[in-house]
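As structure tokens, the structure follows; a few thoughts come after it.
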Amino acid sequence: MPIHRTLLALTASLVLLQSVPANAQFITGVISDSDGSALAGVQVVVEGTTRGTVSLAGGQYRLDGLPPGPVNLSFRFIGFRTEERMVDVPADGGVRLDMVMHTEVIQVDEIVVTAEGQEEAMLKRSTRSVIVLDALALEEIRGQTLGEMLSTLPGVTSLSTGPSISKPVIRGLHSQRVVVLNSGVVQEGQQWGGEHGPEIDPFSPGRIEVIKGAAGVEYGVGAIGGVIRVEPEELPYGEKISGRLEANAFSNNRQGAGSAMVEGGLFGGGWRARTSYHRAGDSRTPEHVIRNSGFSEWDGSLSAGYEGERIGWRAVASHFGTTLGLYTGAHIGNVDDLLRAIERGEPSVTHDFSYSIDPPKQKIAHDLISLRGHVKLKSGDWIEAQYGYQSNRRSEFDAHARSGDDVGDPAFSLRLATNTLDVKLRAKPRGRWLGVVGVSGMNQANRNQETGLLLPNFRALTGGVFTRGSYVSGPLTLEAGGRLDYRWLEAWPHETQGAGPFVKKTHSWASPSAVLGLIWRLSEHWSLASSAATGWRPPGVNELYNFGVHHGTARFEAGSPDLDAEQSLGLDGTLRHLSESFTIEVSGYLNRMGGFIYLRPEASPRVTIRGTFPSFAYAQTTARLVGLDGSVTTQLGHGIELSGVLSMVRGQDLDNDEPLLAMPADRLRLGIRKNWGEAFVGLTGTLVARQNRFPEGVDFAEPPPAYSLLSLEGHRTFFPGGSGLHVTISVDNLLNTSYRDYLSRFRYFIDDPGRTVALRIHLPIGGTS
């Protein structure tokens, strides 16, 4: 049985069971599937009441405090038919009712799921490569950013701008080519910036799903590189109040982080409140302090929901707020100093550690409201609706104020407001067929504040309609779908780049997307999945009209108003194996992109009144990305586990017959882990090759050398008989190696951080795990 189901079952049972007298009437039993395997996490509900529980790890359940007489029980579990039984509860004790549940194929977004056990779910989970991180896996890797948390996965790397900012890169693509969903809402911030990471509290996810490759039919415009779905934990629906305390400490930047959560049930529904705080100072390389690299962050969220037999809803309101510094050594006053700094490759001044955050810095606030609900029709079909509102406020402060400016004024300040609405009709299975149709819409407006201008004011409207269906026949699953999207944009840039009056510019784009895929269960332990998908992305406002210093990356960027939309055709093949000793998933892919938009370095730096900066201009080409990624895990017995993760991508500029700039270098992770019941210890080695495929003469410095890192991790659960105290200690960059990653924006000036010792503590209170 999967570990996450066991933990979920234990958690939910402690939350939902109510305290009753020892002599009250009860119903007890064991729940299993048609093969006799115990089922954990099955909801057992007394119809017409708010009373319920879920089955434990061995399939056991117990309902106490029942009135004598007839009771109608409902048994519900994803992937199985809902079962109902009428039970006559005696007045003088309890009664036993065992339940056998039967599988039913269902559709959950991009994934066809059956409930034939872990092996079937893994082998037939998607026509494309998918990675799922459950709550237990997230507990072990919670870090400073979402990008860091995902960077150990196959095919996923991280684009960093100093120690405090990183964003996920999926198969060489990032930013506007990767869709991030937070609580079901497409995250809309200023994601165009390479140093604009997802505004998501790292303590909040209960589950993260990474879909690699084009997924435009379900997720719309921009889902060319992949999709990251960040979902909160399921709400409790009992009456008992419980909670959880979490604390993280990191030695390198002396960061302290903590989170407090409380949850419970109310009137048949559930609720949760969470708050978290992070504070970090300057990070260190093995030789130097990375001055002004600290950050502070405060996050909070409230959620509530209800789940009935035919109606369910969930509401989430969250706030993310951070102030973060940017390395001062990347902001240079003139051309000669810039060239000398790149040639020197290390700080010219030695700094002491500090928690202070001075310009250059960023202040970001992101508010989200998510409302979603579903209704089961008499036909058995479901209607789902999701509304989202987001307010993103970003201010960036320069190290060098312009003459006449107040030193406290930001260099530029943006406010982005976004409303989204998605409605789907999800059909119940009809024979071997199941499918979904849907419509989506977005209304967005960006407004500059009174200070400087990098991105013009704009309004955008997006609408789409799609359909997707699946056909399941024995070992074969077929999937097909299509979508049509339209984007309208109205912007007010300067008449000429950086000068003249503001003028109105209007753009519109429309394009279809499609997917065709299959899953073939080759044998008991092997399956093959393959998909062909098209996707597209209109140019962003930054790519059209940026003209100025982007302070987060310490470079000058110039847009091009004549850019066309990107078009993508992706082919993906995934081979999966699951047995008692081995788990293997290996994927190969090809992504050909017409009109690929990229930042190309210009020959000379740009001199501005704020200093001298490397200069980049947006251009288009035809690109091809080919790669291989995968993972393997083997059990050697006696609790010893070996693992390996491989990521390779080759990007080629077909028009100019040269490699694409800023493609991730090949990397290999090898690990060994020893498990002892409630404890484990593991050692991991990461090998990163030098990026030898890059366009000659267009970058300010050649890619850095290859490097290798060692990491050590240990975990122990204390008091496992109760909810348990979970303690994890890890050491990253164990040997304190000096290195620079090719995707680090500050690699021209300074090394990446050195050794970091991290302590993570997870303490459930009142039954939450």
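Placing pseudo-labels 7 Å out from each Cα toward the beta carbon at T496 and V95 gives an inter-label distance of 8.8 nm.
What translational diffusion coefficient, in µm²/s and rounded to a whole number, does the Stokes-Einstein relation yield for region 413-472 at 4 °C and a viscosity of 1.567 mPa s, taking the hydrodynamic radius as the Kirkwood radius over Cα pairs? Write down the numbers at each step before the final one.
On the way: Rh = 14.4 Å.
Roughly 90 µm²/s, to the nearest whole number.
Summary value for the chain: 11 percent relative contact order, contacts being C-alpha pairs under 8 angstrom separated by 6+ residues. Here the 3J(HN,Hα) profile of region 170-180, calculated from phi with Karplus coefficients 6.51, -1.76 and 1.60 at θ = phi - 60°, is 10, 6, x, 10, 7, 6, 6, 9, 10, 8, 10 Hz, Gly and Pro shown as x. Test of understanding: given the chain, find the longest segment containing no trypsin sites (Lys or Arg not before Pro) that are in a DSSP loop and have at most 12 other Cβ atoms within 10 Å. It runs 505-769.
Anisotropy class assigned to region 525-646 is oblate, per the alpha carbon gyration tensor with a/c at or over the 1.5 cut-off and a/b no larger than b/c. Model label points for W676 and D352, set 7 angstrom from Cα along the Cα-to-Cβ axis, are 4.3 nm apart. In the context of the full set of protein chains, residues of the chain present 40 Å² of accessible surface per residue (probe radius 1.4 Å, heavy atoms only). Couplings 3J(HN,Hα) for region 489-494, derived from phi with the Karplus relation 6.51 cos²θ - 1.76 cosθ + 1.60 (θ = phi - 60°), are 9, 10, 10, 10, x, 5 Hz, where x marks Gly and Pro. Just how far, in whole angstrom, is region 659-724 from region 367-394 if you go by their alpha carbon centroids? Cα centres, region 367-394 to region 659-724: 37 Å. Between L668 and D35, the FRET efficiency from the beta-carbon distance, with R0 = 51 Å, is close to 0.85.
What the Cβ-Cβ distance of A706 and H102 gives, at R0 = 51 Å and to the nearest 0.05, is a FRET efficiency of 0.40. Spatially, region 568-618 and region 726-762 are offset by 23 Å when compared through their Cα centroids.
Determine the shape class of region 126-165: with a ≥ b ≥ c the square roots of the Cα gyration tensor eigenvalues, call it rounded for a/c under 1.5, and otherwise prolate if a/b is greater than b/c, oblate otherwise. Taking the square roots of the gyration eigenvalues as a ≥ b ≥ c, region 126-165 is oblate.
With the largest listed first and rounded to whole Å, the semi-axes of the equivalent ellipsoid of region 433-585 from the Cα gyration tensor are 44, 20, 12. Could you please state how large a percent of the accessible area of the chain is carbon and sulfur, counting protein chains only and using a 1.4 Å probe? It is 57 percent, rounded to a whole number. Rounded to the nearest 20 debye, the dipole size of region 181-328 about its Cα centre is 240 debye, using +1 on the Cβ of Lys and Arg and -1 on the Cβ of Asp and Glu. Were the residues from L759 through Q60 laid out at 0.36 nm apart, the gain over their Cα-Cα distance would be 248.1 nm. For the chain, which longest stretch is free of loop sites, where a loop site is one of the GluC sites (Glu not before Pro) that DSSP puts outside H, G, I, E and B and that has at most 12 other Cβ atoms within 10 Å? For GluC sites (Glu not before Pro) (loop position, at most 12 other Cβ atoms within 10 Å), the longest site-free span of the chain is 1-308. Against the main long axis of the alpha-carbon atoms of the chain, helix 3-16 sits at an angle near 60°.
Ranking W313, T574, Y748 by Cα position along the charge dipole of the chain, where only Lys, Arg, Asp and Glu carry charges on their C-beta atoms, puts W313 farthest toward the positive end.
Subtracting the Cα-Cα distance of A247 and T28 from 0.36 nm times their residue separation leaves 75.0 nm of extension gain.
Please state the shape class of region 176-265: rounded when a/c is under 1.5, otherwise prolate if a/b exceeds b/c and oblate if not, all from the C-alpha gyration tensor.
Since a/c reaches 1.5 but b/c is at least a/b, the shape of region 176-265 is classed as oblate.
For region 199-303, applying the loop criterion from DSSP together with a ceiling of 16 other beta carbons within 10 Å to the chymotrypsin sites (Phe, Trp or Tyr not before Pro) yields F267. Partner lysines whose Cα lies under 25 Å from the Cα of K376, excluding those fewer than 8 positions away in the same chain, are identified as K424, K428. Where does helix 335-344 land angle-wise versus the long Cα axis of the chain, in degrees 0 to 90, nearest 10? Approximately 60 degrees, to the nearest 10.
Based on DSSP H segments of at least four residues, each scored -39500 (n - 2.57), the chain has a per-residue ellipticity at 222 nm of -1500 deg cm²/dmol.
Once backbone amide H atoms are built at 1.01 Å from N, F694 has no partners under 5 Å, excluding neighbours fewer than 5 places away on the same chain.
Rounded to the nearest 20, the Cβ-based charge dipole of region 559-702 about its Cα centre (Lys and Arg +1, Asp and Glu -1) stands at 440 debye. Around the Cα centre of the chain, unit charges on the Cβ atoms of Lys, Arg, Asp and Glu (plus for the first two, minus for the last two) sum to a dipole of about 660 debye. Taking amide H as placed 1.01 Å from N in the peptide plane, the amide H of G41 sits under 5 Å from that of S55, L56, each at least 5 places away or on another chain.
The values are calculated or read from the model by the stated rules, or taken from the named source; none is laboratory data. Predicted model only: the values in this text are computed from it and were never measured. Because the Cβ atoms are built from the backbone with ideal geometry, glycine has one as well, and the counts that use them run over all protein chains shown. Just the protein is used for accessible areas: all its heavy atoms, side chains included, with ligands, DNA and RNA removed. Shrake-Rupley method; radii C 1.70, N 1.55, O 1.52, S 1.80 Å.
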